[in-house]
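Report on one structure; see the data block that follows.
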Amino acid sequence: MKMSKHPLFYFLLFALLIIIFVLIMQPLSILHFGKSIVMLFPGGEVALKERNLLFIIQALMLIVIVPVYVLTFIFSWIYNANNPKGNYDPDLVDNVTAEYIWWGVPLVMTGIIAALTWHYTYEMDPFKPLPSDKKPLTIQVVALQWKWLFIYPEEKIATVNFIQIPKDRPIHFEITADAPMNSFWIPSLGSQIYAMPKMKTELFLIADQEGDFRGCSANISGEGFSGMTFTTRASTDEAYNKWIETAQKAKNGFTLAEYNKLVAPSSYNPVAIYRLEDPTLFHYVLMKYMEPS
Amino acid sequence: MFGRLTKDAFIHDMAQNGAVAGMILGAIALIALISYLGRWKWLWREWITTVDPKRIGIMYIVVVLIMFAKGFADAVMMRMQQCVSVGDSFGFLTAEHFQEVFSAHGTTMIFFVAMGVVFGLMNLIVPLQIGARDVAYPFLNALGFWLFAAGGFLTLVSLAVGKFSIAGWLAYPPLSGLEYCPGEGIDYWIWSVQIAGVGSTLSGINFLVTILKMRCPGMTWMKMPIFIWSALCTNILVIFAFPILTATLALLTLDRYLGMHFFTAGGGGNPMMYINLIWAWGHPEVYIIMLPAFGIFSEVVPTFSEKRLFGYVSMVWALVIITVLSYIVWLHHFFTMGASPGVNTFFAITTMLIAIPTGVKLFNWLFTKFRGRVHFASPMLWFFAFVLNFSVAGMTGILLSAPPVDYQVHNSLFLIAHFHGMAIGGVLFGFFAGFTYWFPKFTGFHLDEKLNTYAFWCWFLGFLVAFMPLYMLGFMGATRRLDHYDVASWQSVFISAAVGVLIIFIGASIQLFGLFWSIKNRDKLRSGRDPWNGRTLEWSIPSPPPEYNFAIVPTVDQIDPLWATKRGQGPEQKKEYEDIHMPLNTPAGFFIGAISLIFGFAITWHIYWLAILAFVGIITCLIIRLSGKEVHGNITAEEVQRIEEAATT
């Protein structure tokens with residue numbers, strides 16, 4: 001069997017591809033897409049912390065990855081069969097010290113990352129209220145086929161596929177579903193969490209700048225899944241209060257009858273805003289699956 | 001009479017009609033070809049009824065090729081749809097069809113490509129590397145294969161008759177429950193996976209016992225090749241994980257067929273239970289397909305470095321630790337389901353721990369090259385690409401294992417990029433390395449090296465172009481399984497990913513062409529019994545190996561026994577030929593597989609009389625087979641001598 005005589009060619013090609021994809025394409029695409037890479041340019045504290053943790057873990061991992069890359073090239077180069085300078089020692093098959101190093105280094109790295117993760121998993125628990133001197137705004141979320149229903153129980157309004165929130169005030173989402181399982185996700189603000197029938201999950205988020213953030217479902221839920229997007233508008237307190245006032249005067253009242261109409265499957269629903277007439281609706285949805293029908 | 005099967009089941013859109021027509025034409029062409037060559041008898045005698053693991057292994061690979069073609073076509077359709085379906089345009093697939101396509105893609109690639117590759121390679125390599133003439137349960141092994149094939153063909157049938165599942169490759173309830181998916185799609189998924197899964201369990205039992213009981217004299221635990229260790233760990237995982245899958249699917253079946261409420265949200269059921277159960281199988285499954293790839297590289301790297309594997313004992317422990325840990329990490333697939341931070345932290349840390357043995361394996365492979373003589377044959381190229389891809393995918397895996405990061409990137413395309421890095425950069429590249437490496441052993445000739453190299457570069461480049469952009473898309477907030485999106489800036493990135501798939505397609509085409517090209521030019525590519533200067537027992541016997549593998553059962557006293565012989569070490573071998581008992585062929589496995597296919601089809605469509613009939617048929621076949629007496633034939637010592645002398649190469 002003829003084996004290749006030109007490892008140099010391979011090396012250059014490998015190195016070139018890596019350089020292009022890691023060192024050139026990534027920064028270029030970040031420059032090109034800028035703020036539309038929402039996870040790297042977060043709009044809220046939760047997303048910011050999550051991004052920073054991602055960076056820290058990535059940096060720690062690179063301490064192991066970079067040597068692996070370098071060694072892969074170096075060893076293959078020095079010890080390639082055509083290089084007369086490479087020592088050949090077929091009996092070098094064990095070395096206790098060396099093995100301590102590469103059991104030990106990953107162990108230590110993993111220890112550090114694990115400690116960080118432990119700390120942040122408790123700190124970033126989606127159910128945990130965010131530290132703030134402002135009272136959280138509660139929004140109840142119901143995933144339906146295939147749209148999002150939002151209920152502001154205190155403000156007495158309900159919306160479909162749209163929410164407006166005041167910036168710098170924690171939002172307390174209470175989430176359930178009257179549909180297959182979905183995942184409630186606003187990438188700019190951080191953390192997603194599943195929306196499941198019969199279950200209530202909770203999520204605390206905060207926006208620290210104004211803007212329209214895209215929200216979506218991250219878990220396949222049937223035909224209209226792709227259209228389950230909604231807009232989260234973070235605005236100043238004044239704009240938010242004004243919006244609430246307008247919404248409270250909405251023509252349509254939201255009652256159980258209206259809810260039952262909304263439950264019927266439909267895709268790509270337009271935004272709708274209602275006055276909330278039945279404040280127990282969320283509870284009703286939660287209890288709907290509790291007992292056999 | 002026909003249950004729920006009506007005329008409507010045969011009506012599809014154009015793309016699917018094309019696929020069905022292609023399939024039918026392909027089948028007709030194949031039948032015509034076999035008839036023209038007059039090979040039906042040969043096919044029946046030598047292949048369909050065989051219990052020879054080498055032939056079963058090759059049949060696995062053939063089924064994998066067919067299933068891969070289908071899974072790849074699914075991938076191409078997804079990428080094409082996502083290139084165009086933005087804003088006001090909705091592409092050429094309906095949402096429902098798109099969802100069928102990605103469900104079929106995942107199911108096909110995991111259950112019928114990756115699993116087929118795993119068991120195919122184990123069939124080919126395990127007996128040869130442990131110096132055995134056969135496997136422990138030849139009939140069980142054949143049955144496992146035919147059940148696997150039956151499951152695979154049932155997914156192909158779903159292309160032509162009715163619809164496939166729309167609920168993704170793991171069919172989470174309540175979406176997969178009766179309420180939201182009353183049609184036949186989920187049932188197709190359940191039965192194809194169920195039938196193939198039972199096959200996998202049987203094959204797992206066979207290979208575990210084979211490795212435990214049939215090693216040649218002197219091959220103690222710590223003298224087994226690392227591929228055998230990886231196969232051992234894989235089979236332990238199979239045996240303990242697949243029954244969970246079988247039970248979970250059975251519960252889902254009860255929900256769907258008898259209106260029970262294990263996983264429905266109403267009536268006291270709990271969908272979260274399903275998600276836990278399916279991942280209690282699903283995570284070991286990840287390592288079931290990953291560990292054999294580790295095993296392959298542990299054979300390829302030493303051979304092409306002319307040096308024994310560095311740190312053998314470490315490698316063994318790394319495999320064992322991964323095996324144990326893989327059972328206690330399943331919850332990391334759903335950190336976002338709302339478990340308490342304590343629970344999430346536990347599973348996060350167990351997940352991260354897997355990085356340690358995996359890192360050790362990487363370093364041991366690298367240091368196998370240290371002071372070696374590294375040859376850049378194509379299996380080594382795959383290894384090179386594996387190291388580069390796998391470390392990136394591993395790094396993103398660690399990112400995903402931290403719950404706070406996972407809250408952000410879960411179910412986004414970042415996750416897709418991560419696990420395709422593992423599945424393509426790890427499993428598939430490993431398989432390609434193994435395929436190129438062991439191909440001459442089973443055919444007696446090489447694959448064309450030049451074409452291998454071209455195919456390799458297409459795959460490597462295509463992989464980078466297809467999947468690196470997905471990390472970026474994940475950061476941009478793109479979720480998986482979108483048949484349509486509203487953010488215009490994603491489109492260019494999706495197009496880039498599609499270009500990558502095109503490059504991979506070119507690579508795969510070159511491989512397929514290379515296979516036929518090499519067969520055509522086999523006389524120029526003859527390999528002999530030991531083309532790579534091999535180290536393990538399989539290279540000591542003729543290529544292709546005779547039916548009984550080893551005319552004289554080898555005795556070994558160290559790792560890499562053939563290498564020891566080459567260096568003038570190793571124990572005295574027996575010299576005398578002896579009579580060899582080999583199991584006789586049996587059509588029972590094929591019949592049971594075929595009837596299982598009928599059973600799966602019948603029960604999917606609620607054609608109960610046919611299902612019951614088929615079930616009785618399966619039991620009957622089993623009883624007939626198990627009451628048979630004459631299951632072994634005899635090859636006399638003279639005949640062995642004649643065969644061995646003819647095969648001097």
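The values are calculated or read from the model by the stated rules, or taken from the named source; none is laboratory data. The structure displayed is predicted, hence computed values, not measured ones. Every residue, glycine among them, receives a Cβ derived from its backbone with ideal geometry; neighbour counts consider all protein chains shown.
Condition first: over 24 Å from residue B:57 (Cα atoms) and either assigned to a loop (DSSP other than H, G, I, E, B) or modelled with pLDDT of 95 or more (or both). Can you find one or more residues in segment B:511-526 that meet it? For segment B:511-526, residues over 24 Å from residue B:57 (Cα atoms) and either assigned to a loop (DSSP other than H, G, I, E, B) or modelled with pLDDT of 95 or more (or both): present. Has segment B:144-157 got any residue that is surrounded by fewer than 24 Cβ atoms within 10 Å (Cβ to Cβ) and either within 22 Å of residue B:584 (Cα to Cα) or within 14 Å of chain A (Cβ to nearest Cβ) (or both)? No - not one qualifying residue is present in segment B:144-157. For segment A:50-66, filtering for residues that are more than 9 Å from chain B (Cβ to nearest Cβ) and either part of a loop (DSSP other than H, G, I, E, B) or without any contact (Cβ under 8 Å) to a residue 24 or more places away in the chain (or both) leaves 4.
Just name the residue that is farthest from the other protein chains (Cβ to nearest Cβ) out of those in segment A:213-229 that are surrounded by 23 or more Cβ atoms within 10 Å (Cβ to Cβ) and over 22 Å from residue A:127 (Cβ atoms). Ranking the qualifying residues of segment A:213-229, first place goes to A:228.
For segment B:439-481, the tally of residues that are under 19 Å from residue A:11 (Cβ atoms) and outside any helix (DSSP H, G or I) stands at 0. Checked against (1) modelled with pLDDT under 80; (2) under 29 Å from residue A:187 (Cα atoms); (3) at the interface with chain B (Cβ under 10 Å from one of its Cβ atoms), residue A:3 meets all criteria but (2).
For segment A:72-97, the set of residues classified as more than 7 Å from chain B (Cβ to nearest Cβ) and assigned to a helix (DSSP H, G or I) consists of A:73, A:74, A:77, A:78, A:96, A:97, listed by residue number. Screening the candidates A:258, A:277, A:210, A:245 for the property of being surrounded by fewer than 20 Cβ atoms within 10 Å (Cβ to Cβ), away from chain B (no Cβ under 12 Å) and in contact with a Gly (Cβ under 8 Å, 6 or more places away or on another chain) yields one hit, A:277.
When each of A:204, A:282 is tested for being part of a helix (DSSP H, G or I), on the phi < 0 side of the Ramachandran plot and in contact with a strand residue (DSSP E or B) (Cβ under 7 Å, 6 or more places away or on another chain), the lone residue that passes is A:282. Scanning segment B:337-346 for residues that are surrounded by fewer than 23 Cβ atoms within 10 Å (Cβ to Cβ) and either in a helix (DSSP H, G or I) or of a type in the set (A, V, I, L, M, F, W, C) (or both) returns B:337, B:339, B:341, B:342, B:343, B:345, B:346.
Does residue B:131 satisfy being of a type outside the set (Phe, Trp, Tyr), more than 14 Å from every other protein chain (Cβ to nearest Cβ), crowded, with 24+ Cβ neighbours inside 10 Å and part of a helix (DSSP H, G or I)? When the stated conditions are applied, residue B:131 does not pass them. Give me the pairs, please: first residue somewhere in segment A:75-99 and over 13 Å from residue B:369 (Cα atoms), second residue anywhere and surrounded by 13 or more Cβ atoms within 10 Å (Cβ to Cβ) and at pLDDT 85 or above, beta-carbon distance under 6 Å, and either six or more positions apart or on two chains. Close Cβ pairs (under 6 Å, with a partner that is surrounded by 13 or more Cβ atoms within 10 Å (Cβ to Cβ) and at pLDDT 85 or above) amount to A:99/B:311; A:99/B:314. Filtered by the rule that a residue be without any contact (Cβ under 8 Å) to a residue 60 or more places away in the chain, more than 29 Å from the chain's Cα centre (by Cα) and under 18 Å from residue B:409 (Cβ atoms), segment B:316-344 gives B:338, B:339, B:344.
Looking at segment A:185-192, can you tell me whether even one residue there is farther than 19 Å from residue B:477 by Cα, part of a loop (DSSP other than H, G, I, E, B), in contact (Cβ under 8 Å) with a residue 40 or more places away in the chain and not hydroxyl-bearing (Ser, Thr, Tyr)? No, that holds for no residue. Residue count for segment A:26-72 satisfying the condition of being within 20 Å of residue A:205 (Cα to Cα) and more than 14 Å from the chain's Cα centre (by Cα): 2. Of all residues in segment B:324-336, those being surrounded by fewer than 22 Cβ atoms within 10 Å (Cβ to Cβ) and either in contact with a Leu (Cβ under 7 Å, 6 or more places away or on another chain) or within 7 Å of another protein chain (Cβ to nearest Cβ) (or both) number 1.
Rundown of residues vs (1) in contact with a helix residue (DSSP H, G or I) (Cβ under 9 Å, 6 or more places away or on another chain); (2) facing another protein chain (nearest Cβ under 8 Å); (3) surrounded by fewer than 19 Cβ atoms within 10 Å (Cβ to Cβ), yes/no style:
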residue: A:133; (1), (2), (3): no, no, yes
residue: A:139; (1), (2), (3): no, no, no
residue: A:148; (1), (2), (3): no, no, no
residue: A:191; (1), (2), (3): yes, yes, no
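Taking the criterion of being part of a helix (DSSP H, G or I), touching a residue at least 40 places away in the same chain (Cβ under 8 Å) and closer than 16 Å to residue B:149 by Cα, the residues of segment B:45-64 that qualify are B:48, B:53, B:56, B:57, B:58, B:59, B:60, B:61, B:63, B:64.
Any chance you could count how many residues in segment A:99-120 are more than 7 Å from chain B (Cβ to nearest Cβ) and surrounded by fewer than 19 Cβ atoms within 10 Å (Cβ to Cβ)? The total comes to 10. The residues of segment B:428-465 that are of a type in the set (Gly, Ala, Ser) and surrounded by 24 or more Cβ atoms within 10 Å (Cβ to Cβ), listed by number, are B:430, B:433, B:434, B:455. When residue B:592 is tested against (1) over 28 Å from the mean Cα position of the chain (by Cα); (2) buried (at least 17 other Cβ atoms within 10 Å of the Cβ); (3) β-branched (Val, Ile, Thr), only condition (1) is not met.
Against the numbered list (1) within 20 Å of residue B:230 (Cα to Cα); (2) touching a Pro at 6+ places or on another chain (Cβ under 7 Å); (3) among the hydroxyl-bearing types (Ser, Thr, Tyr), residue B:180 comes up short only at (1). The single residue among B:409, B:427 that is in contact (Cβ under 8 Å) with a residue 60 or more places away in the chain, away from every other protein chain (no Cβ under 14 Å) and at negative phi turns out to be B:427. Residues that are under 25 Å from residue A:97 (Cβ atoms) number at least 2 in the following helices (runs of 4 or more DSSP H) confined to segment B:355-423: B:355-369, B:378-401. Looking at (1) surrounded by fewer than 18 Cβ atoms within 10 Å (Cβ to Cβ); (2) part of a helix (DSSP H, G or I), find the lone condition where residue A:69 falls short. Condition not satisfied by residue A:69: (1). Of the candidates B:89, B:103, the single residue that is within 14 Å of chain A (Cβ to nearest Cβ), over 16 Å from residue B:59 (Cα atoms) and surrounded by fewer than 24 Cβ atoms within 10 Å (Cβ to Cβ) is B:89. Filtered by the rule that a residue be in a loop (DSSP other than H, G, I, E, B), within 10 Å of chain A (Cβ to nearest Cβ) and crowded, with 23+ Cβ neighbours inside 10 Å, segment B:260-293 gives B:264, B:265.
Would you mind stating whether residue B:199 is out of contact with any Pro (no Cβ under 7 Å at 6 or more places or on another chain), more than 14 Å from chain A (Cβ to nearest Cβ) and at positive phi? Here the answer is no, as residue B:199 does not meet what is asked.
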